[in-house]
Protein chains: 2
Amino acid sequence: MASVDSRYNYNNQSFNIHVSASGFRMRSLRKTVLLAILVSVVLVLALLHSWPTRAYTTVDVWQRQGPVVERHLEERLPEPDHRLGNIPFHVRDNVASLLARNGCVCEGESGGVNLPFAQLLFPRVSAHPLHTAFEASELEEMKRRRAKEYKSFQERSQTPTDVLIIAEANNPLQYPTQGVEVRPLRTIIIPGKTSDRINITATLGTLNVAAEVDGMKIKGDGEMHMSLSSSLLPNLNRQLQFVTYTNTLFHPNTADTVQLETEGHQASFSIKIRHGVTPKLYNTGSKGEYNVSALVTIATKTFLRYDKLQDLINSVRRYYPTVTIVIADDSEKPQTILGSYIEHYIMPFGKGWFAGRNLAVSQVTTKYVLWVDDDFIFTANTKLEKLVDVLERTTLDLVGGAVREATGYTATYRQTISIESGEEDGDCLHMRRGFHHVIQGFPNCVVTDGVINFFLARTDKVQQVGFDPRLARVAHLEFFIDGLGSLHVGSCDDVIVNHATKIKLPWVSQSESDKTYAKFRYPPASSDATHTKNGLLFFKNRFQCLTHN
Amino acid sequence: MASVDSRYNYNNQSFNIHVSASGFRMRSLRKTVLLAILVSVVLVLALLHSWPTRAYTTVDVWQRQGPVVERHLEERLPEPDHRLGNIPFHVRDNVASLLARNGCVCEGESGGVNLPFAQLLFPRVSAHPLHTAFEASELEEMKRRRAKEYKSFQERSQTPTDVLIIAEANNPLQYPTQGVEVRPLRTIIIPGKTSDRINITATLGTLNVAAEVDGMKIKGDGEMHMSLSSSLLPNLNRQLQFVTYTNTLFHPNTADTVQLETEGHQASFSIKIRHGVTPKLYNTGSKGEYNVSALVTIATKTFLRYDKLQDLINSVRRYYPTVTIVIADDSEKPQTILGSYIEHYIMPFGKGWFAGRNLAVSQVTTKYVLWVDDDFIFTANTKLEKLVDVLERTTLDLVGGAVREATGYTATYRQTISIESGEEDGDCLHMRRGFHHVIQGFPNCVVTDGVINFFLARTDKVQQVGFDPRLARVAHLEFFIDGLGSLHVGSCDDVIVNHATKIKLPWVSQSESDKTYAKFRYPPASSDATHTKNGLLFFKNRFQCLTHN
């Protein structure tokens, strides 16, 4: 009776007890007693019926103390197989040098001429060791804590599908090596073929047969270890077409490693156990042309710059009169912002830049979100339909545009980002200006890893990556670093927004709000070193070094 | 010169041009011209140096029009291999019935006695077809749009690692079937063995050798198709230990299917191409006992119930005087909330329940977040340290507690949630009261899929799943539905919070704020049908049916 749309009610039952006032006459005491016994028996039976009859098994979800499974395939030149060890070879340096080293080294490009134009024409790579975010006195403790948190993270994020498995040569078994998946606590058929008796072992579920074939000897059906044999090989292989796996140990996202064994040979493969990815689709409004108001919400954060913010809003309204604008505001004395289709959120004073960005995107209900800074100005070149077109027609998750300064200089700020594995000290993060490829069919657009602060993105992906509220002041690429592996990023230079002037003319004095803005924009050192940009890269993302040009 | 902590500057260069006022005397015009030519040549060389010399390839990231790859292993009884087709078999119904049907059917439990206690003692399963969220006139359009959005989603979320691959029997090739991974645009060694000449083909990268072995014939090294042969088999296998794969087509998260071919045999396997999962670790504060203020932020949403909210805050402060409380508030006339360690966020009036929840958790900077409703009361039984202990020591992501009503009735509201694959009409969502297993070492705790609105959770996981701001009013399990496959959920019944009374005493009239609260709490139909609970389940999550007891 608890229908989906009913009010959320902790007490799932609601019943009325009527005490009849008209009386209830018993013919004799015996009948009363008998009736009472009958009712009690019925109630007891009912209680027993609904009593949990399942014997609940316990599950071990403890974090382990032992070493974590080695994830990556050995990336260095392998130790020679002893039988092949004496065969000579010559290293190809140009290829061998591409292989990962043991850990990563924090170094930039040295030397170079120190001319005025040098950094412009010959951008050198600089390297920044990140442990410097911490005082020497706290560094050891920070490393210890980071290592502990990282180990927990690894246990939670790795699954048996990450383990290296190598298929034996000349194995008479035929079996699936990829693509076998079952929903938690469900059952599937697993295909296979053999040339002799076969033993199958699982650890998170049981094996059985959905149909029995004549002439078979089956042992352990319904258990975690099953063996099948027969004097007739065709029958054995027909039986193998009916082998089922049932997951019995619940986990929302893991894998079971199934072992197969026959005379003299073994094999193993993974069965992914997971719910599957539930889609998060958005309604797109009417078909036909792109309805920007139905598809896009504009999001921004403001702080003490209501004049610039109003200029932004006015410029947006010239081209998109009904698109919703979400504004996160952590000014000290928040002002009212008038206008339809505006959602204004007041935050604690100075809560911060990325906190405000995270707030704004957390409120978006349309398929796409457009990020703008509060000092942008829309022009006739700010055609959001072009950005929508890119995301509607490609598999990209985010596409940046270009920002034009008052000088006419237009920037796309494309950055490629890569990670080089380190060891206990952490990985090395490398950022370089540039992009990977041009996008086929969109000649003004490229694929890259980071872009400027003017971009259209799939709302669900941006919300999933998030803007870390620990970043209070200056931050930008941290969002794209957090999005690595998750966001497929593009950049188009033909959709342009203007940037309200930043040029400080010497004869114009700074306004009070400008001064306060400058004070918060370029802050003093934070008290919590793990909340500074470098401190976060070190602790949160487990990097040891950042290099960039 | 653009160091990581420097101000974010679109113009990456900043240089000063000094015009010397002291004059500049040229000895002769010729020297001027020569100098000008020299400077021009230097500048041109510099420009050429920094000119992109890479020929950027184009990449195809278009969404495809064709059918999407079939993900799941055939879950029904297979068609017989023609050679085995005439071998008789008998179906085992108890096992065969566990296999997935063709699509899912929307049906509950019928019949049952309609007694006052019936739903309490014999909770029946009811089934709710979700298309009923839409008017008949709009349903076809909604189905069409949903199908289109779903197809895009599938293309973006599936990778070649989902495809079923079956290893051939008696294959002389030895090769990896799982666990091979490379970071984008990087290089790894891929191991293998053969018995004869071998051809290797990749599609998203090139093959090469890191070292050359004598007596080898190598063709296509550095290309997408490479062949190796030799008259000496040991040399061929030694060479195979030096084969490298270099990813050349950038994608942040995909896989390349590598084909191997030798005389009469083939094999294929996937190389995952991805950045790897960058951790998002949190600083935990001092070691030793659990420092709840450093580890936990309390988050809640309030609407018109400042008296209850203040009661909550006062009760929290009795036990946790310095823990941060984040409050999302969409009341019409927001009041100030006094107190330290309180962060109060003002939203547009009536913006909504899940929007407020999403806002509150978007602001949390500690490792864990504790969700409470604004009418809870902390007592001596509300020991947050116990919940922290569970998450610190297990791999769970979220653990619920228990809520005690004024009557003494204490609820944990445990729900198991599963999805049954449907076909074009969508999947079936099944929710049942109960849990899966007891947690080893925590006898008061179990593993389940959904819990009551009093829980401690890992902040990064909750932020990743999110509370969909499209859910304006009543909603609860939608968060856990969105979290399926991502959140590992537990529930402990020994950490209890009290619920401020809901019993409406007939002689106490409702206050004005209570009346407004009731009006918004139990709302009229929304204008956008895809933003109702059933409409969202239908469109966003692509379900056709919900069953529950």
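Specify which of the listed residues (B:L312, B:L260, B:L281, B:L304) is within 28 Å of the chain's Cα centre (by Cα), surrounded by 19 or more Cβ atoms within 10 Å (Cβ to Cβ) and either under 30 Å from A:K540 (Cβ atoms) or touching a residue at least 40 places away in the same chain (Cβ under 8 Å) (or both).
Of the residues listed, the single one that is within 28 Å of the chain's Cα centre (by Cα), surrounded by 19 or more Cβ atoms within 10 Å (Cβ to Cβ) and either under 30 Å from A:K540 (Cβ atoms) or touching a residue at least 40 places away in the same chain (Cβ under 8 Å) (or both) is B:L281.
Rundown of residues vs (1) under 30 Å from B:D427 (Cβ atoms); (2) modelled with pLDDT under 90; (3) surrounded by fewer than 19 Cβ atoms within 10 Å (Cβ to Cβ), yes/no style:
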| residue | (1), (2), (3) |
| --- | --- |
| B:H476 | yes, no, yes |
| B:F480 | yes, no, no |
| B:V489 | yes, no, no |
| B:V495 | no, no, no |
| B:Y522 | yes, yes, yes |
| B:K533 | yes, yes, no |
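Going through region B:408-428 one residue at a time, which ones are in a loop (DSSP other than H, G, I, E, B), in contact (Cβ under 8 Å) with a residue 12 or more places away in the chain and either over 30 Å from B:L99 (Cα atoms) or small (G, A, S) (or both)?
Going through region B:408-428, the residues in a loop (DSSP other than H, G, I, E, B) turn out to be B:408-409, B:412-414, B:421-426.
Keeping just the survivors that are in contact (Cβ under 8 Å) with a residue 12 or more places away in the chain gives B:412-414, B:421-426.
If the condition is that a residue be in a loop (DSSP other than H, G, I, E, B), in contact (Cβ under 8 Å) with a residue 12 or more places away in the chain and either over 30 Å from B:L99 (Cα atoms) or small (G, A, S) (or both), then B:T412, B:S421, B:G422, B:G426 are the ones that fit.
Where in region A:260-360 are there strands (runs of 3 or more DSSP E), lying fully within it, with 1 or more residues that are closer than 17 Å to A:L384 by Cα and of a type outside the set (V, I, T)?
Numbers: elements: A:265-274, A:296-302, A:324-329, A:342-346.
In region A:260-360, the matching strands (runs of 3 or more DSSP E) lie at A:296-302.
Within region A:332-381, count every residue that is among the hydroxyl-bearing types (S, T, Y) and out of contact with any Ser or Thr (no Cβ under 8 Å at 6 or more places or on another chain). Spell out how you get there, then give the answer.
Going through region A:332-381, the residues among the hydroxyl-bearing types (S, T, Y) turn out to be A:336, A:340-341, A:345, A:362, A:365-366, A:368, A:379.
If we keep only those that are out of contact with any Ser or Thr (no Cβ under 8 Å at 6 or more places or on another chain) too, we end up with A:336, A:345.
So the count comes out to 2.
Within the bounds of region B:420-428, is there any residue that is small (G, A, S), within 23 Å of A:N253 (Cβ to Cβ) and buried (at least 19 other Cβ atoms within 10 Å of the Cβ)? Explain how you work it out, then say what you get.
Step one: of region B:420-428, the residues small (G, A, S) are B:421-422, B:426.
Adding the requirement that they be within 23 Å of A:N253 (Cβ to Cβ) leaves B:421-422, B:426.
Retained after the next criterion (residues that are buried (at least 19 other Cβ atoms within 10 Å of the Cβ)): B:422, B:426.
Yes, because at least one residue in region B:420-428 is small (G, A, S), within 23 Å of A:N253 (Cβ to Cβ) and buried (at least 19 other Cβ atoms within 10 Å of the Cβ).
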- Query: Looking at (1) more than 30 Å from A:W371 (Cβ to Cβ); (2) touching a helix residue (DSSP H, G or I) at 6+ places or on another chain (Cβ under 7 Å), can you tell me which one A:K280 breaks?
  - Reply: (1)
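Scan region B:429-439 for residues that are part of a strand (DSSP E or B) and either in contact with a helix residue (DSSP H, G or I) (Cβ under 7 Å, 6 or more places away or on another chain) or touching a residue at least 24 places away in the same chain (Cβ under 8 Å) (or both) and jot them down.
Answer for region B:429-439, where residues must be part of a strand (DSSP E or B) and either in contact with a helix residue (DSSP H, G or I) (Cβ under 7 Å, 6 or more places away or on another chain) or touching a residue at least 24 places away in the same chain (Cβ under 8 Å) (or both): B:L429, B:H430, B:M431, B:R432, B:R433, B:I439.
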- Inspect all residues belonging to region A:162-179 and state whether any of them is touching a residue at least 12 places away in the same chain (Cβ under 8 Å), assigned to a helix (DSSP H, G or I), surrounded by fewer than 19 Cβ atoms within 10 Å (Cβ to Cβ) and touching a strand residue (DSSP E or B) at 6+ places or on another chain (Cβ under 9 Å). yes
- Message: Looking only at region B:341-395, count every residue that is acidic (D, E), facing chain A (nearest Cβ under 9 Å) and in contact with a Phe, Trp or Tyr (Cβ under 9 Å, 6 or more places away or on another chain) and tell me the total.
- Response: 1
- strands (runs of 3 or more DSSP E) (entirely within region A:440-504) containing at least 2 residues that are away from chain B (no Cβ under 12 Å): A:455-458, A:489-499
- Can you tell me which residue within region A:77-99, out of those that are loosely packed, with under 11 Cβ neighbours inside 10 Å and of a type in the set (S, T, N, Q), is modelled with the highest pLDDT? A:N94
- Output the residues belonging to region A:187-213 that are at the interface with another protein chain (Cβ under 7 Å from one of its Cβ atoms) and modelled with pLDDT of 90 or more. A:T187, A:I188, A:I189, A:N208, A:V209, A:A210, A:A211, A:E212, A:V213
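Which members of region A:236-274 meet the condition of being of a type outside the set (A, V, I, L, M, F, W, C), closer than 19 Å to B:S157 by Cα and either more than 7 Å from every other protein chain (Cβ to nearest Cβ) or in contact with a strand residue (DSSP E or B) (Cβ under 6 Å, 6 or more places away or on another chain) (or both)?
Restricting attention to region A:236-274, the residues satisfying the condition of being of a type outside the set (A, V, I, L, M, F, W, C) are A:237-239, A:241, A:244-248, A:251-254, A:256-257, A:259, A:261-266, A:268, A:270, A:272, A:274.
Okay, now just the ones that are also closer than 19 Å to B:S157 by Cα, so A:252-254, A:272, A:274.
Hits for region A:236-274 are A:N253, A:T254, A:K272, A:R274.
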- Task: Give just the number: which of (1) over 30 Å from A:K148 (Cβ atoms); (2) at pLDDT 95 or above does A:Q463 not satisfy?
- Result: (1)
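Looking at A:I190, A:I218, which one is over 30 Å from B:T159 (Cα atoms) and either touching a residue at least 12 places away in the same chain (Cβ under 8 Å) or among the aromatic types (F, W, Y) (or both)?
Only one candidate qualifies: A:I218.
Consider region B:396-405. How many of its residues are closer than 21 Å to B:D311 by Cα and within 11 Å of chain A (Cβ to nearest Cβ)?
Start the filter on region B:396-405 by keeping residues that are closer than 21 Å to B:D311 by Cα, which leaves B:401-405.
Of the ones still in play, those that are also within 11 Å of chain A (Cβ to nearest Cβ) are B:402-405.
Here the count works out to 4.
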- Query: Is there a residue being over 30 Å from B:T284 (Cα atoms) and either at pLDDT 85 or above or at the interface with chain B (Cβ under 10 Å from one of its Cβ atoms) (or both) anywhere in region A:58-71?
  - Reply: no
- If you check A:Q158, A:Q174, which single one turns out to be closer than 25 Å to B:P160 by Cα and either at pLDDT 90 or above or at the interface with chain B (Cβ under 7 Å from one of its Cβ atoms) (or both)? A:Q174
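Pick from region B:430-439 the residues that are hydrophobic (A, V, I, L, M, F, W, C) and facing another protein chain (nearest Cβ under 8 Å): which of them is surrounded by the fewest Cβ atoms within 10 Å (Cβ to Cβ)? Before the answer, list the steps.
We begin by selecting, within region B:430-439, every residue hydrophobic (A, V, I, L, M, F, W, C); these are B:431, B:435, B:438-439.
If we keep only those that are facing another protein chain (nearest Cβ under 8 Å) too, we end up with B:435, B:438-439.
On the way: B:F435: 24, B:V438: 16, B:I439: 25.
Here the answer is B:V438.
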- Is one or more of the residues making up region B:93-106 touching a Pro at 6+ places or on another chain (Cβ under 9 Å) and more than 7 Å from chain A (Cβ to nearest Cβ)? yes
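The values are calculated or read from the model by the stated rules, or taken from the named source; none is laboratory data. Quick caveat: nothing in here was measured; it's all calculated off a predicted structure. Positions of Cβ are backbone-derived with ideal geometry, glycine not excepted, and every protein chain shown enters the neighbour counts.
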